[in-house]
1. Does the stretch 54-66 contain at least one residue that is hydrophobic (A, V, I, L, M, F, W, C), in contact (Cβ under 8 Å) with a residue 40 or more places away in the chain and closer than 20 Å to Cys172 by Cα?
2. Given the conditions (1) in contact (Cβ under 8 Å) with a residue 24 or more places away in the chain; (2) not in a helix (DSSP H, G or I), report the number of the one that Gly20 does not fulfil.
3. Among the hydrophobic types (A, V, I, L, M, F, W, C), crowded, with 20+ Cβ neighbours inside 10 Å and modelled with pLDDT of 90 or more: is that true of Ala55 in this structure?
4. Across the stretch 147-184, what is the number of residues that are in contact with a helix residue (DSSP H, G or I) (Cβ under 8 Å, 6 or more places away or on another chain), at pLDDT below 70 and hydroxyl-bearing (Ser, Thr, Tyr)?
5. Name the single residue, out of those in the stretch 82-91 being crowded, with 20+ Cβ neighbours inside 10 Å and closer than 25 Å to Glu33 by Cβ, that is farthest from the chain's Cα centre (by Cα).
6. Pick from Asp39, Asp54, Asp101: which is closer than 21 Å to Ile142 by Cβ, in the same structural domain as Ala170 (by TED's automatic domain parsing) and part of a loop (DSSP other than H, G, I, E, B)?
7. Outside any loop (DSSP other than H, G, I, E, B) and over 19 Å from Leu183 (Cα atoms): is that true of Asp106 in this structure?
8. With respect to Asp26, is the statement that it is acidic (Asp, Glu), in a helix (DSSP H, G or I) and more than 19 Å from Val139 (Cβ to Cβ) true?
Amino acid sequence: MLDTFSRAVVSADASTSPIGGTQIADLKNFIAEGNKRLDAVNAVASNASCCVSDAIAGMICENTGLIQAGGNCYPNRRMAACLRDGEIILRYVSYALLAGDASVLDDRCLNGLKETYSALGVPATSTARAVQIMKAVCVAHITNTNTPEMGGSRYKKNETTQGDCSALAAECAGYFDRVISALS
């Protein structure tokens with residue numbers, strides 16, 4: 001896994017030049033935005049079970065056949081596997097967001113995911129839909145646009161650093177898009 005600093009060193013080494021100019025400016029910006037990044041990761045990680053359960057419930061509401069006899073979320077052990085896989089995907093997205101690099105997500109989560117799911121008969125469209133819902137929920141937590149009206153009794157206000165988090169939300173959304181792309 002490469003973090004932002006390691007990636008800068010590898011890039012400079014590959015071009016046989018020292019780190020300088022724009023790379024230094026990018027690293028300074030990464031450090032300056034560090035608290036926002038940590039808050040974004042905390043918002044995702046501290047709401048992980050809620051994000052995953054909402055995503056799986058949303059996927060099932062849109063396709064109730066999944067929980068009928070013969071469906072991919074029936075019986076309970078398959079539902080548990082679905083929830084487990086959602087939590088694994090979300091965990092690796094949060095790792096990538098923390099590092100500012102998708103290599104850990106690609107190497108440890110997405111490499112061979114489509115083939116594994118195909119071999120197990122997991123429907124890619126349903127899985128992709130659950131990931132889309134997780135993406136929306138996580139972006140709402142990062143941008144602090146989740147509201148009591150939308151969350152109901154499970155609403156949780158995140159204490160986050162003030163400022164524009166749209167770049168981090170877009171970065172997080174990009175990691176979820178990578179997962180969706182890997183499933184397609």
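The values are calculated or read from the model by the stated rules, or taken from the named source; none is laboratory data. Since the model is a prediction, treat every value here as computed from it, not as a measurement. Positions of Cβ are backbone-derived with ideal geometry, glycine not excepted, and every protein chain shown enters the neighbour counts.
1. yes
2. The one condition Gly20 does not meet is (1).
3. yes
4. Residues flagged as in contact with a helix residue (DSSP H, G or I) (Cβ under 8 Å, 6 or more places away or on another chain), at pLDDT below 70 and hydroxyl-bearing (Ser, Thr, Tyr) within the stretch 147-184 amount to 3.
5. Ile89
6. Going through Asp39, Asp54, Asp101 in turn, just one is closer than 21 Å to Ile142 by Cβ, in the same structural domain as Ala170 (by TED's automatic domain parsing) and part of a loop (DSSP other than H, G, I, E, B): Asp101.
7. In short, no.
8. So Asp26 fits the description; yes.
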